Amino acid sequence: MASVSTPSKASLPWSNPRVCVLGDVMVDAYMWGSVSRMSPEAPVPVVEVTHREQRVGGAGNVVKNLHALGALVDVIAVVGEDDAGQMLQGLLSNMARPTLLVDPSRRTTVKTRIISDGQHVVRVDEETTDSIDEALQSRSQETLLALLQSNEKPDVVVLEDYDKGFFSQGLVQAIIADCHAHDVPVVVDPKLKHFLDFKKVDLFKPNLKELNEGLGLTEPASPSNSPAMVAAVESLMNQLQCARIMVTLGEYGVWIHAPREGVNHVVIPAFPREVADVSGAGDTVIAVAALMLASGSTPEHLATVANLAGGWVCERVGVVPVTREALESELQRLKLQHTVTR
């Protein structure tokens, strides 16, 4: 298909795509206030809280980005039988169709950040990270399979792992097999515990730290050492037998390797940015990459647009999802209309 861009506007290559996200959802809670004194009980500041906010976090932030980009989203996850789980149901219902399976034995993950005068004072985590039981794993797989067999089959499935207990080796393998049996591509944003379990997926997206730690490299690879990066990515691809690997490199951009499509270790440099906050950038990158993959984009175009979206987020304070309109404006501003060719 020819480029869908026009002389006056760059258009992204999707229209109301369907996406299913599976993984660890959580509540990101914030308490804002100010410090005017120290505690008489211990040498710590007393934060006088002025307001609070609760947002979707973890895999939920990927859902939020996908929704902002115009996708129709299903999300499958497990929560506790608690107020936080009910809160997530409400928050996610505003942006997706959630199937949140309830496990009375666990706590829904809540990360509470206390912020005083713009400074992050402390974070408090409440969670259960034990693996979900086999019954919940089976129900998660059955929920996805029913979706894959319906007339609302997703165009792409995103596996978003935060090492909070949703995934097991068996569930991962079952999900990938079911998706491929129904010709649905699988995109993975990994963490360390199951790093090498996501075999034969369509796109595997670690960051540089995860690449080094996931492979257990004693001499870490870095963008400044191209041979070491090539060796690390080749090793990972050999072990996973996946179609594409995209490593996010922070200020250095992204590294994309897709030899089946003739793309061998291409680096997409980062665009110059005034970085304000890197929070949530990885979630934005995986959301955009998934939509680009589902749209049939080339690996270079996929990596370029995902890299651009992640950089846009880094210029904003807080976890801010990129909208379709904002991303199209960035493509136009930087004259990257060709990246939407497919």
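The values are calculated or read from the model by the stated rules, or taken from the named source; none is laboratory data. Please read all numbers here as calculations on a predicted model, not as lab measurements. FYI the Cβ positions are ideal-geometry reconstructions off the backbone, even for glycines, and counts take in every protein chain you see. Heads up: the accessible areas ignore ligands, DNA and RNA and are worked out on the full protein's heavy atoms, side chains in. Shrake-Rupley method; radii C 1.70, N 1.55, O 1.52, S 1.80 Å.
From a point 7 Å beyond the Cα of residue 251 in the direction of its Cβ, which residues of the stretch 201-242 have a backbone N at a distance under 15 Å?
It comes to 223-224, nothing else.
Please report the spacing between the Cα centers of the stretch 205-225 and the stretch 97-167 in Å, no decimals.
Result: 26 Å between the Cα centres.
Leaving out ligands and nucleic acids, and using a 1.4 Å probe, what accessible area per residue does the chain come to in Å²?
44 Å²
Under the classification rounded if a/c is under 1.5, otherwise prolate if a/b is larger than b/c and oblate if not, where does the stretch 193-271 fall, given a ≥ b ≥ c as square roots of the Cα gyration tensor eigenvalues?
Oblate shape, in that a/c is at least 1.5 and b/c is the bigger or equal ratio.
What does the extension gain come out to for residue 146 and residue 217, with contour length at 0.36 nm per residue minus their alpha carbon separation?
Value of the extension gain: 21.6 nm.
Give me the tail of P(r) for the stretch 86-166 as a percent: Cα-Cα pairs with distance above 15 Å. Mind dumping the intermediate values first?
Working: 2293 of 3240 pairs.
Of all Cα-Cα distances in the stretch 86-166, 71 percent exceed 15 Å.
Between residue 38 and residue 199, what length comes free when the chain is fully extended (0.36 nm per residue of separation minus the Cα-Cα distance, one decimal in nm)?
That works out to 52.8 nm of additional length.
For the stretch 90-178, which trypsin sites (Lys or Arg not before Pro) are in a loop by DSSP, counting at most 16 other Cβ atoms within 10 Å? Walk me through the intermediate numbers first.
On the way: sites: 106, 107, 111, 113, 123, 139, 164; in loops: 106, 107, 164.
Counting only loop positions with at most 16 other Cβ atoms within 10 Å, the trypsin sites (Lys or Arg not before Pro) in the stretch 90-178 are 107.
Given only helices, namely DSSP H runs of n ≥ 4 each adding -39500 (n - 2.57), what is the per-residue ellipticity at 222 nm of the chain, to the nearest 500 deg cm²/dmol?
So the helix-based figure for the chain works out to -10000 deg cm²/dmol.
Take the solvent-accessible surface of the protein heavy atoms, probe 1.4 Å, and return the percent of it on the chain that carbon and sulfur atoms account for.
C and S atoms contribute 50 percent here.
Can you compute 3J(HN,Hα) from phi for each residue in the stretch 102-118, using the Karplus curve 6.51 cos²θ - 1.76 cosθ + 1.60 with θ = phi - 60°, rounded to whole Hz and x for Gly and Pro?
Whole-Hz 3J(HN,Hα) from phi for the stretch 102-118: 9, 10, x, 8, 10, 9, 5, 5, 10, 10, 9, 9, 9, 10, 10, 6, x.
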